[in-house]
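Notes to accompany the following structure.
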Amino acid sequence: MHYHDEAEEDVWFPLLETKLGAGSMADNIVGHDSFKAPVAEFEQLIASLRAKETTWDPEVFRQAAYAFIPVLREHLVDEIDTFRPYQLKGHFTKEELDEFERDMTAWLMAKSSPENRLPLLIANGDAVNGPWFPPMPPQLVTMVKGDLWKVHADWWEFGSCDRDMKVKPEFAAYEPVLEDRSKMEAKQA
């Protein structure tokens with residue numbers, strides 16, 4: 001998630017603002033800021049669990065996740081319109097987008113590390129049965145399934161999904177079920 005936000009704030013948003021106007025990405029950056037505190041608390045919980053400073057409690061874990069997931073989801077849904085082709089049409093030439101793709105690929109390769117990042121998300125992210133998760137921009141999917149696939153090809157063997165983010169048969173029994181939003185909201189109240 002941090003990587004996603006960094007990529008947008010370091011590369012994608014500055015490019016968009018050159019064409020759409022200074023400050024046009026401000027709402028997206030505010031969206032990033034809106035979930036930083038609950039994500040930091042969740043990360044602290046994970047760190048304390050890994051260090052065995054905290055005892056595993058599924059309810060505590062669930063509540064920590066639910067503290068940021070709705071805010072993150074709302075941000076991602078809102079942000080999708082920023083990347084829609086109809087929003088960008090007329091603002092960019094094919095050459096500019098090709099140059100951007102090269103710049104983003106260079107940025108991704110410089111920031112990629114073997115212990116995390118996008119290939120892990122794709123290898124374990126179900127895009128077929130998880131429609132509640134907003135789709136990634138096509139350019140990002142292309143980079144992950146193209147360039148990053150080559151770099152981390154050995155990861156896919158262990159992921160729950162194939163290259164197209166379809167759940168592998170051996171993991172189908174563990175497929176999550178979308179929770180009733182009203183029940184989730186009632187728990188948070």
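Only a single criterion out of (1) touching a Gly at 6+ places or on another chain (Cβ under 9 Å); (2) modelled with pLDDT under 75; (3) over 28 Å from Leu20 (Cα atoms) is not satisfied by Asn129, namely (1). Of everything listed in (1) surrounded by 14 or more Cβ atoms within 10 Å (Cβ to Cβ); (2) not in a helix (DSSP H, G or I), the single unmet condition for Met104 is (2). Looking across segment 15-45, the residues that are loosely packed, with under 14 Cβ neighbours inside 10 Å and either within 20 Å of Pro85 (Cβ to Cβ) or hydrophobic (A, V, I, L, M, F, W, C) (or both) come down to Thr18, Lys19, Gly21, Ala22, Ala26, Asp27, Val30, Ala37, Ala40. Within segment 75-93, the set of residues being within 30 Å of Pro38 (Cα to Cα) and more than 13 Å from the chain's Cα centre (by Cα) comprises Asp78, Asp81, Thr82, Phe83, Arg84.
For segment 1-14, the set of residues classified as open to solvent by less than 40 Å² (accessible area, probe 1.4 Å) and charged (D, E, K, R) consists of Asp5, Glu8, listed by residue number. Within segment 152-177, being in contact with a helix residue (DSSP H, G or I) (Cβ under 8 Å, 6 or more places away or on another chain), open to solvent by 50 Å² or more (accessible area, probe 1.4 Å) and modelled with pLDDT under 70 holds for Trp155, Phe158.
Condition check for Lys52 on (1) exposed (fewer than 15 other Cβ atoms within 10 Å of the Cβ); (2) more than 26 Å from Ala106 (Cβ to Cβ); (3) in contact with a helix residue (DSSP H, G or I) (Cβ under 6 Å, 6 or more places away or on another chain): one failure, at (3).
The values are calculated or read from the model by the stated rules, or taken from the named source; none is laboratory data. What you are looking at is a predicted structure, and each value in this text was computed from that prediction instead of being measured. Please note: Cβ atoms are built from the backbone with ideal geometry, for glycine as well, and neighbour counts cover all protein chains shown. For accessibility, only protein heavy atoms count, side chains too; no ligands or nucleic acids. Shrake-Rupley method; radii C 1.70, N 1.55, O 1.52, S 1.80 Å.
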